[in-house]
Amino acid sequence: MGNRGMEDLIPTVCTRYSVTVYGQQWLCVFSRDFLPRGSGIVTRRPLVLQLITANTEWAEFLHCKGKKFTDFDEVRQEIEAETDRVTGANKGISPVPINLRVYSPNVLNLTLIDLPGITKVPVGDQPADIEHQIRDMIMQFICRESCLILAVTPANTDLANSDALKLAKDVDPQGQRTIGVITKLDLMDEGTDARDVLENKLLPLRRGYIGVVNRSQKDIDGKKDIKAALAAERKFFLTHPAYRHIADSMGTPHLQKVLNQQLTNHIRDTLPAFRSKLQSQLLSLDREAEEYRQYRPDDPSRKTKALLQMVQQFSVDFEKRIEGSGDQVDTVELSGGAKINRIFHERFPFELVKMECDEKEMRREISYAIKNIHGIRTGLFTPDMAFEAIVKKQVVKIKEPCIKCIDLVVQELINTVRQCSDKLDSFPHLREETERIVTTHIRDRESRAKEQVLLLIDVQLAYINTNHEDFIGFAKYRVFVFDASLFLRQVIRKGWLTINNISIMKGGAKEYWFVLTAESLSWFKDDEEKEKKYMLPLDNLKVRDVEKSFMSSKHMFAIFNTEQRNVFKDNRFLELACDTLEEVESWRASLLRAGVYPERAGVESESSGPSENFSMDPQLERKVETIRNLVDSYMAIVNKCIRDLMPKSIMHLMINNVKEFINAELLAQLYSAGDQNALMDESQEQVQRREEVLRTHHALKEALAIIGDISTTTISTPLPPPVDNSWLSAGAGSRRSPPPSPTAPRRMSAGQRPAGRGAPVPPSRPGPLGPLNNSADSPQVPSRPNRAPPSIPR
């Protein structure tokens, strides 16, 4: 099939390869004038221009997908408007590219990238490091191995000092990807020419140089079209005595062919690997494309079937997330059933323990209750009524953590519903209605669950059962007192903690194995518990929060003595650290069980209030102690009962009910909610996704078919042999020009280029390829002062 097959393949894959144009101005590669021009920095964002051979002529932007531009003045205006949208109108720059495709019968298949020229002095809204930012932007493109670099240099500037060639040399030291382009050949001083450069004899490059003649500003102002400009360019090379013998290898059309041939070469060289990649991509899209091909958006039976499938899938996903058998396991955080389990068995018990009141406040309340019950008489016995009054007050406090537990479960159920509805994104109305219906049902069950839980609390208040088998009772209290030592020795928690406030002189923060009992906190060298480092009694200890250190990833809390005594050696507090916040909360809950309470923020010292001078006689003190212990015993029974009934009640009244509702009633609710067809309207994103998948799938099949037909004898141009380009390093490094060629004393040599016919070049700021010249004699196609050299991915 020869080169024809390759030409068919290029439009399919040429977005992967491009020509980066880095120099003083754009080359004429298209018979339309649509690139913005002007003084100063005009190109302020990279412009990715993909040229595609087609029967008709039009353009489209990636950011205006679906809109065809047939008026190329509008294309220029859109480039300017899109540039200003991101960079502002005051000369700002941005590395975000503008993507433009141009379809025309007058182009060869190429992708070119126009880059901003290097600016050394910032203006307008440009940052102070504008030069470095533009260099970095250029390097992002030209460092790619698939990029062919066009180092564009005006004929009337110093070639040896070209910034474009210097940058190209940095990324392509062997010269395999760099083509020199010489412009402004028609503006050279009379009697001078660039023959030795174009013949690659002076300052040689491996791929050589190609000369072009662009339109002047006068030609552009006079509306000279590009076809006429190309004809004039051809005439210039054919009639010029220095160039007529190489006219066929000069000019913009020849440059187009060279670039197209290099793209063909690159594709041919990478064909085997490219074929494998295309096959892999095609395979990954086969199933989805097949589904989309059978898809009929307006088919009522399809909508009904899709609705049934979506609801069934939603129900299955919800149950899996709650029951823990989901196929998508979250490895980042707890969610669904796992998080609800944590609420039941860690968070809720913690809230119950945290609810316990201050010990001194409790004893004061008991003493007041006893005295008020005895009234004017001095009682001989401990009154039951004081016990009941204190117990009921404590039971009422349980309502708050119970309600909070329900709120946490409800929030997690709603989050689970939202996660499960992610698969309904293709149908936004269906997703919205599903979330609304299920969330409304969850809220309804929430109110019923709260009513039931409050009823459980009221049941506990209705009758204080002092005959409960686990209640020590007044008769058993004496036995309890003697057996209390067993409780004190009971281990509440074990685990690793880091002691943070150990001085650096003593080794700094260290990790130890901690053992917490009801009477002490001990730590050991390791979990074998053979070498005990310290044992800290829990008397008069409290816990306070410690802000997370900026330099540490651990979460911390501290233990201190309420009587301002040292807790550990010379330290007034013991600062402990865990890896996660959940561990901190768990340790705080365990310390609460052991009687180490959190510090109360904003609470006055113990001297505040009328209890400062409150004292009890020994008999009253014994009664208070008795009731205090009896309250603890009874509340332990209540808490145990509530901790058991809360998860059961929530599971029955909420979670199981919601699962049944989704499985049995959601579909009927959706049908009754409104128009079924409206529910199954696709989102615009899904429509675009389907079209994109089908288009990509078709393009991949087409590319593979073309590859299969390509003849192995496809014409390929070999890479020229290496040349001595050491002049480039020397010239760019020292900024000195090499001596002119002895064989061509009046031809182009570095540093001897007049700007126009008989007129010297006025001094100006150097661009990437030489001085900036904004005269009316500037080249055809929008003049780009200070442009970056083009690069072409191969």
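A few points about this structure:
- Extension gain for the segment F471 to E291, taken as residue separation times 0.36 nm less the Cα-Cα distance, is 58.1 nm to one decimal.
- Put a dot 7 Å past the Cα of R544, heading toward its Cβ, do the same for E145, and the two dots end up 6.2 nm apart.
- With all protein chains modelled, accessible area of Y671 [1.4 Å, Å²]: 90 Å²
- Annotation: amide H-H contacts under 5 Å for I98 (H modelled 1.01 Å from N, sequence separation of 5 or more, or interchain): L47, V48.
- Going by accessible surface with a 1.4 Å probe and the largest first, H429, H697 read H429, H697.
- Overall form of the range 252-295 per C-alpha gyration tensor (a/c, 1.5; a/b vs b/c): oblate
- For W523, the accessible surface of its heavy atoms amounts to roughly 0 Å² (probe 1.4 Å, protein chains only, rounded to the nearest 10).
- Convex hull volume per residue in cubic angstrom - Cα atoms of the range 128-211: 98 Å³
- Stretch gain in nm, segment S672-D425, where the contour uses 0.36 nm per residue and the Cα spacing is subtracted: 86.8 nm
- Normalised by residue number, the volume inside the convex hull of the Cα atoms of the range 213-270 is 98 Å³ per residue.
- Share of pairwise Cα separations in the range 111-166, more than 17 Å, in percent: 47 percent
- Full extension of the chain between E361 and A273 gives 23.7 nm of extra length, using 0.36 nm per residue less the Cα-Cα distance.
- Most to least accessible of T53, T416 (protein chains only, probe 1.4 Å): T53, T416
- With the simple spin-label model, which puts each label point 7 Å out from Cα in the Cβ direction, the E599 to S280 separation comes to 5.8 nm.
- Here's how it looks for K533: its modeled amide H is under 5 Å from those of W523, F524, K525, which are all 5 or more places away or on a different chain.
- Basic side chains Lys and Arg get +1 at the Cβ, acidic Asp and Glu get -1 at the Cβ, and with that the dipole of the range 5-251 about its Cα centre reaches some 240 debye.
- Two-site label geometry, C64 and K393: point separation in nm, points 7 Å out along Cα→Cβ: 7.7 nm
- On the basis of the beta-carbon distance and an R0 of 22 Å, K640 and Q490 show a calculated FRET efficiency of 0.90.
- Accessible area of L679 (1.4 Å probe, protein heavy atoms only, ligands and nucleic acids ignored): about 20 Å².
- Rh by Kirkwood over Cα pairs, then Stokes-Einstein D for the range 5-251 at 0.890 mPa s and 25 °C, µm²/s: 128 µm²/s
- Close amide H contacts of N501 (hydrogens built in the peptide plane, cut-off under 5 Å, sequence separation of 5 or more or a different chain): E575.
The values are calculated or read from the model by the stated rules, or taken from the named source; none is laboratory data. Just so you know, these numbers come straight off a predicted model, no measurement behind them. Every residue, glycine as well, gets a Cβ built from its backbone with ideal geometry; the counts of neighbours run over all protein chains shown. Note: areas computed on protein heavy atoms with side chains; ligands, DNA, RNA excluded. Shrake-Rupley method; radii C 1.70, N 1.55, O 1.52, S 1.80 Å.
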